[in-house]
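Colleague: Structure below; questions to follow.
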Amino acid sequence: MEFHQPLPDQVLENVLENVLHFLSSRHDRNAASLVCRSWYRAEAITRSELFIGNCYAVSPNRATTRFTRVRAITVKGKPRFSDFDLMPMNWGAHFSPWAIALSKAYPWLEKIHLKRMSVTDDDLAVVAESIAGFRELVLVCCEGFGTRGLATVAGKCRVLRVLELVDSVVEVADDEEEVDWISCFPESQTHMESLVFDCVECPVNFGALERLVARSPSLKKLRLNSYVSISQLHRLMLRAPQLTHLGTGSFSASEAVAIGDQEPDYASVFAACRSLVCLSGFREILADYLPAIYPVCTNLTSLNLSYADINAEQLKSVICHCHKLQTFWALDSICDEGLQAVAATCKDLRELRVFPVNAREESEGPVSEVGFEAISQGCRKLESILFFCQRMTNAAVVAMSKNCPDLMVFRLCIIGRYRTDPVTHQPMDEGFGAIVMNCKKLTRLAVSGLLTDRAFEYIGRYGKLVRTLSVAFNGDSDMALKYVLEGCSNLQKLEIRDSPFGDEALRSGLHHYYNMRFLWMSSCKLTRQGCQEVARALPRLVLEVINSEENEADDIEILYMYRSLDGPRDDTPKVVTILH
């Protein structure tokens with residue numbers, strides 16, 4: 001019998017590296033890295049895309065030392081509740097240390113995606129001047145930078161393909177003139193594939209923008225800000241009929257048309273864009289122009305009208321053509337009647353978001369359980385819903401759970417505190433209980449209305465795949481949170497505000513916190529002593545207590561708790577205390 005010498009470790013590692021190249025999911029890669037040391041090393045040197053879910057969970061130096069061949073990176077900063085002004089402006093999430101580390105470690109870096117980070121013009125300059133082949137910059141819900149930084153990126157990144165500014169704050173100092181950043185792109189033919197600046201609250205040089213679009217034959221995605229009128233949009237579309245994603249800008253005229261002058265044929269220019277599948281914008285919409293988009297509606301898979309204050313009749317004239325629609329965002333001005341029209345036409349709808357025009361608690365909302373239930377009956381392929389309303393019934397939510405069992409994201413925001421079912425006057429327990437029982441794929445849940453501990457017992461018992469849970473103004477006692485923390489074994493992100501949960505509820509999750517990305521609790525019933533006990537029990541967690549400058553007492557206004565490989569950060573402002 002022959003005995004073959006085992007393959008050398010180096011050969012085995014080479015084989016392993018080749019196999020790991022086929023793993024694209026970061027969750028699969030994370031699991032592979034835990035198998036053994038050789039898999040850990042092989043996974044690190046084959047990872048080209050790096051995701052950092054919390055910029056303080058790991059230091060830039062640790063990340064770049066372990067992963068040496070990264071070409072694309074995503075970094076997230078502040079937690080989501082910062083969008084609701086619940087976090088001080090100067091809290092942190094600075095991109096500066098990341099910009100310096102990335103530019104030194106990855107001179108070949110191609111893509112940077114940032115979310116809720118504080119980014120300065122100098123940070124953008126570091127990236128633009130240090131990384132010659134930089135191709136893609138996406139800034140979502142970021143602040144701190146201005147047109148000067150954008151000008152540096154446009155001028156220095158000669159092979160830039162993607163520049164997307166989404167829901168970010170682009171600042172212009174009072175003592176500084178706006179920089180004409182659009183004019184800074186190369187004068188030669190560009191590589192631009194995506195240009196998104198609909199959140200920029202200042203005019204752009206339209207002549208430079210028109211020339212940029214004309215010399216960008218690969219441009220597929222263009223989203224304009226509210227300073228671009230419909231006549232200017234017409235001129236841009238004539239030069240870019242290849243667009244697949246379009247944000248229309250204001251969708252109204254910048255000035256009145258002179259008597260005797262004929263307006264451009266807007267419908268014909270839309271008809272020429274045969275590849276258009278995603279339409280958004282309409283920031284200052286004049287409804288008389290809506291018929292212009294009719295020619296493209298039959299091909300649309302995504303329509304975002306969340307800035308368009310239109311009524312049901314105006315929506316119906318558009319939506320009746322949108323049989324292929326999979327994503328639809330709108331304001332509640334479309335009323336239940338508009339939602340019924342969506343349900344009747346959009347049988348392939350996968351994502352729905354309905355935002356409020358008026359979010360005051362005392363107002364009577366234009367959408368209700370009527371439109372909600374119509375959607376559940378007509379759009380049975382629905383996978384994700386975000387729905388703001390002033391009233392909702394358990395029966396409608398139960399119907400949604402049965403008609404749309406493929407729901408993965410369910411966020412129902414009943415505006416007004418402790419709202420009961422308006423028909424039965426009962427808590428909303430049974431409705432949300434039905435959602436976690438019948439929607440087996442559910443991973444994200446936001447609850448509202450009056451809920452008792454019973455609803456949280458349902459969530460803990462049946463919400464085994466829930467990764468993100470948002471709670472506001474809910475629960476009877478600490479038992480509610482205990483049900484969730486003991487039952488939801490896959491929970492990663494837990495956001496709680498204005499709920500009666502105290503130290504006992506906090507301690508009930510000691511067994512699970514190391515597996516979570518973060519826990520946020522604001523305006524609850526925590527004490528400093530209770531939080532201190534958790535900090536001592538779990539030394540690898542960072543517990544930040546955030547109090548306003550006016551309140552320096554022992555009360556806990558906000559607790560933000562997260563895991564970190566590098567311990568507490570060193571850039572805390574005065575309002576933040578880290579417990580040890």
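The values are calculated or read from the model by the stated rules, or taken from the named source; none is laboratory data. Everything numeric here is computed off the predicted structure, so don't read it as measured data. Cβ coordinates were reconstructed from backbone atoms using ideal geometry, including for glycine residues, and neighbour counts include every protein chain displayed. What goes into the accessible areas is simple: the full protein's heavy atoms, side chains included, and nothing from ligands, DNA or RNA. Shrake-Rupley method; radii C 1.70, N 1.55, O 1.52, S 1.80 Å.
Colleague: Scan region 352-361 and give yes if some residue there is at pLDDT 95 or above and open to solvent by less than 10 Å² (accessible area, probe 1.4 Å), otherwise no.
Modeller: Within region 352-361 (the criterion being at pLDDT 95 or above and open to solvent by less than 10 Å² (accessible area, probe 1.4 Å)), the answer is yes, since at least one residue qualifies.
Colleague: Something else now. Being assigned to a helix (DSSP H, G or I) and of a type in the set (K, R) is the requirement here; does R148 meet it?
Modeller: Details: assigned to a helix (DSSP H, G or I): yes; of a type in the set (K, R): yes.
Spelling it out, R148 is indeed assigned to a helix (DSSP H, G or I) and of a type in the set (K, R).
Colleague: List every residue pair whose Cβ atoms sit under 6 Å apart, with the two residues 6 or more apart in sequence or on different chains, where the first one lies in region 71-85 and is more than 16 Å from S168 (Cβ to Cβ) and in a loop (DSSP other than H, G, I, E, B) and the second, anywhere, is of a type in the set (G, A, S) and open to solvent by 50 Å² or more (accessible area, probe 1.4 Å).
Modeller: R71/S48
Colleague: For region 153-186, enumerate the residues that are out of contact with any Cys (no Cβ under 8 Å at 6 or more places or on another chain) and either assigned to a strand (DSSP E or B) or open to solvent by less than 30 Å² (accessible area, probe 1.4 Å) (or both).
Modeller: Answer for region 153-186, where residues must be out of contact with any Cys (no Cβ under 8 Å at 6 or more places or on another chain) and either assigned to a strand (DSSP E or B) or open to solvent by less than 30 Å² (accessible area, probe 1.4 Å) (or both): V153, C157, L160, V162, L163, E164, E171, W181, I182, F185, P186.
Colleague: To continue, here is another question. Against the condition open to solvent by less than 60 Å² (accessible area, probe 1.4 Å), hydrophobic (A, V, I, L, M, F, W, C) and within 22 Å of R283 (Cβ to Cβ), how does L349 come out, does it pass? If you could, list the steps in order and put the result at the bottom.
Modeller: Values: open to solvent by less than 60 Å² (accessible area, probe 1.4 Å): yes; hydrophobic (A, V, I, L, M, F, W, C): yes; within 22 Å of R283 (Cβ to Cβ): no.
No, not satisfied.
Colleague: Can I ask one more? Scan region 363-380 and report the pairs whose first residue is without any contact (Cβ under 8 Å) to a residue 12 or more places away in the chain and whose second residue is of a type outside the set (G, A, S) and part of a loop (DSSP other than H, G, I, E, B), with Cβ atoms within less than 8 Å and a gap of 6+ or a chain change.
Modeller: Close Cβ pairs (under 8 Å, with a partner that is of a type outside the set (G, A, S) and part of a loop (DSSP other than H, G, I, E, B)) do not exist here.
Colleague: Continuing with this model, one more query. Suppose we filter R29, R47, R41 for residues that are modelled with pLDDT of 75 or more, open to solvent by 60 Å² or more (accessible area, probe 1.4 Å) and not aliphatic (A, V, I, L, M); which single one remains? Lay out the reasoning, then the answer.
Modeller: Details: R29 fails: open to solvent by 60 Å² or more (accessible area, probe 1.4 Å); R47 fails: open to solvent by 60 Å² or more (accessible area, probe 1.4 Å).
Going through R29, R47, R41 in turn, just one is modelled with pLDDT of 75 or more, open to solvent by 60 Å² or more (accessible area, probe 1.4 Å) and not aliphatic (A, V, I, L, M): R41.
Colleague: For region 489-522, which positions are among the polar types (S, T, N, Q) and under 24 Å from the mean Cα position of the chain (by Cα)? Let's see the steps before the verdict.
Modeller: Keep residues of region 489-522 that are among the polar types (S, T, N, Q), which gives 489-490, 492, 499, 508, 515, 522.
Of everything in region 489-522, those that are among the polar types (S, T, N, Q) and under 24 Å from the mean Cα position of the chain (by Cα) turn out to be S489, N490, Q492, N515, S522.
Colleague: Return a yes/no flag: does region 521-539 have any residue that is farther than 23 Å from R569 by Cα and hydroxyl-bearing (S, T, Y).
Modeller: Yes, that holds for at least one residue.
Colleague: Still on this structure, please answer the following. List pairs: first in region 467-483 and in contact (Cβ under 8 Å) with a residue 40 or more places away in the chain and farther than 16 Å from S508 by Cα, second of a type in the set (D, E) and not in a helix (DSSP H, G or I), Cβ under 7 Å, 6+ apart or cross-chain?
Modeller: Every condition considered, the pairs that remain are S470/E495; F473/D498.
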